[in-house]
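Take a look at the structure set out below.
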Amino acid sequence: FRRFVGEASPGSLGAIRMWTCSILLLTTLLEDLRSIAWLPVEVRHPMGMLGYLYTLPIGFERLVTSETSLRVFQLLTELLLVLGLVGWRTRAVIPLGALCHFLLLGILIDYSFFWHQNLVTLYVLIVLCFTPCGDGWSVDRLWKIRQGRAVPDAGRASPVYGWSRYACWAVIALPYVANGLSKLVDGGLFWWLPINMRNHLYMDTLNPREFDWALSLYFTHAPDIFFSVLGLFGLFSETFFGLVLFSRVARRIFPVAAIMLHVGIFLFQRILFIDLILLQLVFFDFTPIRKAISGRLASKRGRLQVLYDGLCPLCCRTVRLLACLDIFQR
């Protein structure tokens, strides 16, 4: 525990909750779920658990064919993610937000193809359902303080928050390891060879996508060593990403490598993993920044209190003077 997990404060876990909800909220706002209602049902291919929902008499079929219902459902999902971000009623809001985003993501996939954007972020949100993620950086905490109820010390680290943070790290690291191993299983030990890398990059560039540049085609005359380095970097970054669970040094290296990997995928293959790029920040310790923000807020509250204490008597005298002038005029 001391070497790999470590204790964490309520604020650290609360920050992960806020950041996870922010990422899912951002990606949800970019979607136009109601446009699904314009598509014919013949293009829908239910996969996974959503296939059962269409057969149950719960009105799910009517939901996905109604433009208004889909818009309301997307707004509800966004509202729950906002409430999860600020930490209001986290015990109920985080599970409901995870459920709604699971359904929203499933609807989009059923009408297109199985893609893995937002999946890992959703895993983190599901893990947060079983953690005390509302103990820090939340409206729930402020409300308990206002009511005079006991709350955990914001700056005191505890094993329960350390294990909760570690569980979030685990559900991020394991998909990367699985993705790296799948390359070795499907492509062999020499998956990184230039001919394979050129095939992937050129194919993704020539396939129609929402982004219209063709950067990979400008490297058709690049030496093979260039593509080998790209392949080896991606393979090692994913396969050994699991070291972040056992090494503090790895937690400084592999998240940065993952960001570089996804930026490269975006530039060369035109596939944007904005959620995975932003999600890497949960591996870094922003305690000094959080303390600086808290100190700045506390300082502002102190100055406002001094200003209020100084202005309040003056305001009272002004009100009395205005009242006397009004009486004199009458």
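The values are calculated or read from the model by the stated rules, or taken from the named source; none is laboratory data. If you're wondering where the values come from, they're calculated on a predicted model, not measured in any experiment. Counting neighbours? That spans all protein chains shown, and the Cβs are built from the backbone with ideal geometry, glycine included. We work out accessible area using only protein heavy atoms, side chains counted, and drop any ligands, DNA or RNA first. Shrake-Rupley method; radii C 1.70, N 1.55, O 1.52, S 1.80 Å.
Filtered by the rule that a residue be within 28 Å of the chain's Cα centre (by Cα), at pLDDT 85 or above and open to solvent by 70 Å² or more (accessible area, probe 1.4 Å), region 32-55 gives Arg34, His45, Met49, Tyr52.
Taking the conditions exactly as written (farther than 28 Å from Gly14 by Cα, open to solvent by less than 20 Å² (accessible area, probe 1.4 Å) and assigned to a helix (DSSP H, G or I)), does Gly162 satisfy them or not? In short, no. Filtered by the rule that a residue be open to solvent by 60 Å² or more (accessible area, probe 1.4 Å) and either out of contact with any helix residue (DSSP H, G or I) (no Cβ under 8 Å at 6 or more places or on another chain) or among the hydrophobic types (A, V, I, L, M, F, W, C) (or both), region 56-85 gives Leu56, Pro57, Ile58, Val72, Leu75, Leu76, Leu79, Val82. Looking across region 109-131, the residues that are surrounded by fewer than 20 Cβ atoms within 10 Å (Cβ to Cβ) and part of a loop (DSSP other than H, G, I, E, B) come down to Tyr111, Ser112, Phe113, Phe114, Trp115, His116, Gln117, Cys129, Phe130.
Residue-wise test of (1) under 19 Å from Ile16 (Cα atoms); (2) in contact with a Phe, Trp or Tyr (Cβ under 7 Å, 6 or more places away or on another chain); (3) of a type in the set (Val, Ile, Thr); (4) open to solvent by 50 Å² or more (accessible area, probe 1.4 Å).
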site: Thr239; (1), (2), (3), (4): no, no, yes, no
site: Met260; (1), (2), (3), (4): no, no, no, yes
site: Val263; (1), (2), (3), (4): no, no, yes, yes
site: Gln269; (1), (2), (3), (4): no, no, no, no
site: Leu272; (1), (2), (3), (4): no, yes, no, yes
site: Leu278; (1), (2), (3), (4): yes, no, no, no
site: Pro288; (1), (2), (3), (4): yes, no, no, yes
site: Ala292; (1), (2), (3), (4): yes, no, no, yes
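What do you reckon, is Val93 open to solvent by less than 40 Å² (accessible area, probe 1.4 Å) and over 22 Å from Phe60 (Cα atoms)? When the stated conditions are applied, Val93 does not pass them. Inspect all residues belonging to region 121-138 and state whether any of them is in contact (Cβ under 8 Å) with a residue 12 or more places away in the chain and over 28 Å from Arg248 (Cβ atoms). Looking through region 121-138, none of the residues is in contact (Cβ under 8 Å) with a residue 12 or more places away in the chain and over 28 Å from Arg248 (Cβ atoms). Residue check: Gly106 meets all listed conditions (1) buried (at least 19 other Cβ atoms within 10 Å of the Cβ); (2) in a helix (DSSP H, G or I); (3) touching a residue at least 40 places away in the same chain (Cβ under 8 Å); (4) among the small types (Gly, Ala, Ser) but one, namely (1).
Restricting region 171-221 to residues that are over 17 Å from Gly264 (Cα atoms), assigned to a helix (DSSP H, G or I) and small (Gly, Ala, Ser) leaves a set whose member that is least open to solvent (accessible area, probe 1.4 Å) is Ala173.
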